[in-house]
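Inspection log for the structure reproduced underneath, given as C-alpha cells.
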Amino acid sequence: MEERIETLKAWVREAKRIVFFGGAGVSTESGIPDFRGVDGLYHQKYAYPPETILSHDFFLRRPEEFYRFYRDKILVQGAQPNATHRKLAQWEQEGKLMAVVTQNIDGLHQAAGSKKVYELHGSVLRNYCMDCGKFYDVDFIRESSGVPRCSCGCTVKPDVVLYGESLDQDCILGALHAIASADLLIVGGTSLSVYPAAGLLDDYRGNRLVLVNKSETPRDARADLIIREPIGQVFAQLP
C-alpha cells in the first residue's frame, strides 16, 4: 500500500490539471452519515424507506413527513471539513486543481475554501420558494416547523436533487468539461453506483485515473491506480 501512496504522491506533484470526483465517503469522516453505509440512513427505521421520503413525488404529497425526516437526518449540525476537503482546497489555491465534482450536498468543500465545486445533487445550504423563487438559507429550514413557508405563503424547497428529479444541466456540462480536461482524475469515497453521476467518468481521456475507496467499484478494471484505504488517511499524506 505504501508503494501505491508514493505513486499517487508523484502523480500529484506532476499534475497540472487535477479534478476530484467524490461521494458520501468524503463526508463520513466529518460525521455525516452515508446513506448506504452499515449505520447509514438506509438502515434507519421510518414509516417509509428513505428512497421514498427523499423523492419528488413524496415531497409534493407529504411535505410535513418529508421535512420531519429531512431535519432529523439530512441537516447534520456541527460538521466540519476534514483532511480531504482541506487538501483539495489547498491544491486549488496552488493552481493544481481545476474543480471538485461532488455528489454530496453538505457544502463542506466550500467551507474548506474550495471555489470551483460542481454540486451534482445540489446543496442543503440553498433553499427557495417554489412560487416566487425567494432564497432562504439552511437556518431558516432548521428553525422552522412543519412545512417552511415563504413570505408569499408558498412552500420553500431545498435546492437538492430528489429522486425523480433531473440533474442541473449547466452543472453537468461544467463537470464534464473539467473531467475531460483533467490530467489526473482522483475518484474518492464513492461506490460509483449512482447514475447519472457515475457516468460522468466516461468523459475522462487521460491515463491517470485513481480510485480511493474502501470497497470495490464497477470502475476498478479501468483504474490506473486503486487505493483501498479511508480517503482521509490517504489525503493526509499527500503533498
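The values are calculated or read from the model by the stated rules, or taken from the named source; none is laboratory data. These numbers come from a predicted model, not from an experiment. Note that we place each Cβ from the backbone using ideal geometry, even for glycine, and neighbour counts take in every protein chain shown. SASA here: full protein model, heavy atoms, side chains in, ligands and nucleic acids out. Shrake-Rupley method; radii C 1.70, N 1.55, O 1.52, S 1.80 Å.
Assorted remarks:
- Candidates in the range 196-223 are the residues that are free of Cβ contacts under 8 Å to residues at least 12 places away in the same chain and under 20 Å from ALA99 (Cα atoms); of these, the one that is least open to solvent (accessible area, probe 1.4 Å) is GLY199.
- Considering the range 175-191, and only residues there that are of a type in the set (A, V, I, L, M, F, W, C) and buried (at least 21 other Cβ atoms within 10 Å of the Cβ), the residue that is nearest to ARG219 (Cα to Cα) turns out to be VAL187.
- Those helices (runs of 4 or more DSSP H) lying entirely in the range 1-117 with at least 2 residues small (Gly, Ala, Ser) and over 14 Å from the mean Cα position of the chain (by Cα): 83-93
- Inter-residue pairs, beta-carbon under 7 Å, first within 11 Å of THR155 (Cβ to Cβ) and open to solvent by less than 60 Å² (accessible area, probe 1.4 Å) and in the range 56-72, second in a loop (DSSP other than H, G, I, E, B) and of a type in the set (A, V, I, L, M, F, W, C), 6+ apart: PHE59/LEU162; PRO63/VAL147; TYR67/VAL147
- Filtering the range 76-95 for residues that are open to solvent by less than 50 Å² (accessible area, probe 1.4 Å), touching a residue at least 40 places away in the same chain (Cβ under 8 Å) and in contact with a Pro (Cβ under 7 Å, 6 or more places away or on another chain) leaves an empty set.
Okay, residues lined up against (1) modelled with pLDDT under 90; (2) under 18 Å from TRP91 (Cα atoms):
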site	(1), (2)
ARG4	no, no
THR7	no, yes
ALA10	no, yes
GLU14	no, yes
GLY22	no, yes
GLY25	no, no
ASP39	yes, no
TYR46	yes, no
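- Criterion: open to solvent by less than 60 Å² (accessible area, probe 1.4 Å) and not in a strand (DSSP E or B) - qualifying residue of ILE172, ILE226: ILE172
- In the range 147-169, residue surrounded by the most Cβ atoms within 10 Å (Cβ to Cβ) [restricted to those that are hydrophobic (A, V, I, L, M, F, W, C) and part of a strand (DSSP E or B)]: VAL156
- Checking VAL160 against (1) under 16 Å from the mean Cα position of the chain (by Cα); (2) closer than 19 Å to MET98 by Cα; (3) of a type in the set (A, V, I, L, M, F, W, C), the condition it does not meet: (2)
- Restricting attention to the range 58-101, the residues that are under 29 Å from HIS177 (Cα atoms) and of a type in the set (Val, Ile, Thr) total 3.
- The set of residues from the range 128-145 being outside any strand (DSSP E or B) and either of a type in the set (S, T, N, Q) or open to solvent by 30 Å² or more (accessible area, probe 1.4 Å) (or both) comprises MET130, ASP131, CYS132, GLY133, LYS134, ASP137, ASP139, PHE140, ARG142, GLU143, SER144, SER145.
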